[in-house]
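Shown next, in structure tokens, is the structure this report addresses.
Just so it is clear, none of the values below were taken in a lab; they were calculated from the coordinates. Since this is a predicted model, take the numbers as computed values, not measurements. We place every Cβ from the backbone using ideal geometry, glycine too, and count neighbours over all the protein chains shown.
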């Protein structure tokens with residue numbers, strides 16, 4: 001009889017009377033299972049799914065004839081981009097283990113994929129790796145979305161619930177932004193080519209600032225049109241920024257990675273395409289308040305400048321009165337200056353007269369002396385009347401002839417410099433010198449035009 005490999009064990013040799021504890025039995029059975037069922041693939045339907053607070057997944061895998069319990073620990077579950085739902089069919093890669101406390105065997109799941117889609121998943125990973133290596137997922141090449149788009153384009157099916165979600169979200173969030181639909185089927189044969197054509201139409205018409213590539217959730221096969229390489233390259237090369245909102249939050253497609261922004265749902269894609277109208281209004285309101293505040297500051301500063309300018313501004317009447325006062329003050333200053341000049345000139349003239357008087361010969365004293373001599377002569381008697389009288393007359397004539405006044409009376413003049421000194425030599429003078437001429441009757445101020453020495 002051939003030995004069944006599934007039931008071959010390395011149990012230690014024991015006699016018929018060997019007794020094992022339940023724990024020992026379960027441990028040996030667990031070792032047997034783990035050693036013979038290491039990392040197998042099992043296909044089945046999920047039921048009784050529970051996500052514990054610890055993050056572990058507990059569920060049952062069943063088909064039409066049997067079921068088995070399964071567990072997927074938190075570290076493995078976090079690597080899955082979706083949460084399984086009851087009734088969905090998957091292929092599970094797992095290890096067969098035994099839960100020793102109860103003696104129940106279970107599957108310890110490492111990863112899972114949708115049933116029948118293993119090849120699609122492998123193709124998805126290969127294309128993802130290829131495009132990533134070319135840099136199509138690089139964040140540096142992502143375009144910046146317009147915050148205030150003139151219009152938003154939607155590439156999806158006219159019958160898709162995603163279109164209703166987008167239109168509803170746009171009507172609620174930004175009713176002022178037009179929505180232009182570029183219809184194309186989102187699944188089935190030829191859907192990828194028609195999506196690509198709709199994208200080219202949107203680019204050629206250039207009537208929107210943002211494109212939304214959206215559809216609802218589904219299986220990997222349902223979403224496969226959005227994993228098309230040609231469509232992904234066109235999305236990456238689009239001059240119009242593209243937001244990809246395909247499936248649910250846990251669904252990922254190649255278009256999600258190459259798009260400028262990935263939205264978890266079509267509704268979220270619509271919300272990310274533009275700023276909320278209420279937020280815009282609040283921002284505009286804040287800006288208007290800030291603008292009014294700034295204008296008020298500007299007006300206040302201008303008012304202060306105007307007040308200072310008006311304080312410095314003088315009316316024509318005030319300016320004329322101020323100029324009259326200035327003219328009056330200047331006239332007074334001029335009059336005082338003229339009077340002061342006259343006083344100075346008068347004092348100077350008196351000084352010159354005094355100096356001139358002191359410089360003239362003592363005619364009066366000489367006359368007095370002469371009178372005294374005459375009296376003495378008369379008193380001397382008459383013995384020498386004739387001869388002395390003749391000498392006296394002659395002396396009087398001589399004296400009169402020598403008198404400066406007599407000389408001046410004949411047309412001569414005394415010339416004095418500004419210091420009052422007599423000028424005796426023309427060579428001591430220069431053109432432009434001011435002189436005073438003392439005449440027989442009065443005096444005159446003159447200016448030297450030219451000097452000439454004696455030949």
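Side notes on the structure shown:
- In percent, rounded to a whole number, the relative contact order of segment 121-275 is 28, using alpha-carbon pairs under 8 Å and six or more apart.
- Bridges between two residues of the chain, per DSSP, are antiparallel at a rate of about 65%.
- Gyration tensor verdict on segment 146-208 (Cα atoms; rounded if a/c is under 1.5, prolate if a/b is larger than b/c, oblate otherwise): oblate
- Largest-first ellipsoid semi-axes for segment 403-455, taking √(5λ) over the Cα gyration tensor eigenvalues, angstrom: 20, 13, 9
- Classification of segment 224-376 by its C-alpha gyration tensor yields a prolate form. The axis ratio a/c (a ≥ b ≥ c) is 1.5 or more, and a/b outweighs b/c.
- FRET efficiency, residue 419 to residue 451 (Cβ-Cβ, R0 22 Å, nearest 0.05): 0.75
- Linear extension gain, residue 284 paired with residue 301, 0.36 nm per residue minus alpha-carbon span: 3.6 nm
- Cβ-to-Cβ counts within 10 Å put 109, 338 in ascending order as 338, 109, the fewest first.
- Normalised contact order of the chain, rounded percent, pairs of Cα under 8 Å and 6 or more residues apart: 9 percent
- Computed per residue of the chain from DSSP H runs no shorter than four, each worth -39500 (n - 2.57), the mean residue ellipticity at 222 nm is -15000 deg cm²/dmol.
- With Cα atoms defining each centre, segment 309-330 and segment 21-67 are spaced 109 Å apart in the structure.
- The ranking of 144, 180 from fewest to most other beta carbons within 10 Å of each one's beta carbon is 144, 180.
- Length gained when the stretch residue 380-residue 392 is fully extended (0.36 nm per residue, less Cα-Cα span): 3.0 nm
- Two-site FRET efficiency, residue 327 against residue 294, from Cβ-Cβ distance with R₀ of 51 Å, rounded to 0.05: 0.55
- Extension gain, residue 189 to residue 355: 0.36 nm times the residue separation minus the Cα-Cα distance gives 45.8 nm.
- Sorted by Cβ neighbour density within 10 Å, fewest at the top, the residues 280, 339: 339, 280
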